[in-house]
Amino acid sequence: MNEIEILLVEDNPDDLEMTLHALRKAKIANRIQVVRDGQAALDFIFCEGDFAGRKIENGPKVVLLDLKLPKVDGLEVLKRIKGDPRTRKIPVVILTTSKEQNDVVESYDLGTNSYIVKPVSLDQFVSAVQNLGMYWLLLNHPPNFD
């Protein structure tokens with residue numbers, strides 16, 4: 001399987017399409033894996049279920065994670081990623097509509113690298129996604145995952 005740069009975990013079809021549109025517009029949409037629930041995100045990250053053929057060392061460069069997800073919520077996904085020594089160095093960006101202070105605090109307590117509230121307007125949303133994609137894929141210098 002080709003190297004995945006972004007794991008996009010989003011269940012809302014409109015937000016998913018806007019995010020993909022923004023990444024395409026920034027010309028960084030070529031290696032994205034989309035999953036629509038928290039269990040699928042965990043399966044991808046930990047190479048289980050439909051993704052059992054992957055190698056955990058080939059993790060994404062960044063995870064864009066919504067909080068309010070079916071099956072397993074985003075906070076539990078974050079907790080599992082950051083709680084495992086094999087995956088805790090993967091940057092996780094919370095990209096959500098939740099402005100609840102409890103969600104913000106718990107996300108940072110669990111190790112999120114960034115918490116972004118989805119802007120309401122399409123132009124603001126596109127700009128925010130382009131900026132975060134450019135930062136995490138081009139500017140950020142992560143440690144090796146060995």
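Every number in this text was worked out from the coordinates using simple rules, so none of it is lab data. These numbers come from a predicted model, not from an experiment. As a convention, Cβ positions derive from the backbone with ideal geometry for all residues, glycine included, and neighbour counts pool all protein chains shown.
Extension gain LYS25-GLN101, at 0.36 nm per residue separation less the Cα-Cα distance, in nm?
Length gained between LYS25 and GLN101: 24.2 nm.
Go ahead and estimate [θ] at 222 nm for the chain from helices alone: -39,500 (n - 2.57) per DSSP H run with n ≥ 4, summed, over the residue count, rounded to 500.
Calculated at 222 nm, the ellipticity per residue is -11000 deg cm²/dmol.
To check my understanding: the extent here is largest minus smallest coordinate of the Cα atoms along each principal axis. What are those three numbers for the chain, in Å, largest first?
For the chain, the Cα extents along the three principal axes come out at 38, 34, 28 Å.
Relative to the compact-globule scaling 2.2 N^0.38 Å, provide the ratio for the alpha-carbon radius of gyration of segment 34-105.
Working: Rg = 11.9 Å, N = 72, 2.2 N^0.38 = 11.2 Å.
Normalised Rg, Cα atoms only: 1.07.
By the gyration tensor of its Cα atoms, with a ≥ b ≥ c the square roots of the eigenvalues, what is the shape of segment 64-141: rounded for a/c under 1.5, prolate for a/b over b/c, or oblate?
Verdict is oblate for segment 64-141.
Give, rounded to the nearest 20 debye, the magnitude of the charge dipole that the chain has about its Cα centre when Lys and Arg contribute +1 at Cβ and Asp and Glu contribute -1 at Cβ.
Approximately 460 debye in magnitude.
Provide, as a two-decimal number, the C-alpha radius of gyration of segment 1-79 over 2.2 N^0.38 Å, N being how many residues it has.
On the way: Rg = 12.1 Å, N = 79, 2.2 N^0.38 = 11.6 Å.
Cα Rg divided by the expected 2.2 N^0.38 Å: 1.04.
Can you give the longest stretch of the chain with no exposed loop site, where a site means trypsin sites (Lys or Arg not before Pro) in a DSSP loop (not H, G, I, E or B) with at most 10 other C-beta atoms within 10 Å?
Details: sites that count: LYS27, LYS55, LYS99.
Formally, the longest exposed-site-free interval is 100-146.
Report, ordered by chain and residue number, the lysines lying within cross-link reach of LYS79, taken as a straight Cα distance under 27 Å and ignoring same-chain residues fewer than 8 apart.
Partners within reach: LYS55, LYS61, LYS68, LYS71, LYS89, LYS99, LYS118.
Which of the aspartates and glutamates could a cross-linker span from LYS25 if the Cα-Cα distance has to be under 13 Å and same-chain partners fewer than 8 positions apart are dropped?
Leaving aside aspartates and glutamates fewer than 8 places away in the same chain, those within reach of LYS25 are GLU17, ASP123.
Mind ranking 10-18, 107-115 by how tightly packed they are, going by the mean number of other C-beta atoms within 10 angstrom, highest first?
107-115, 10-18
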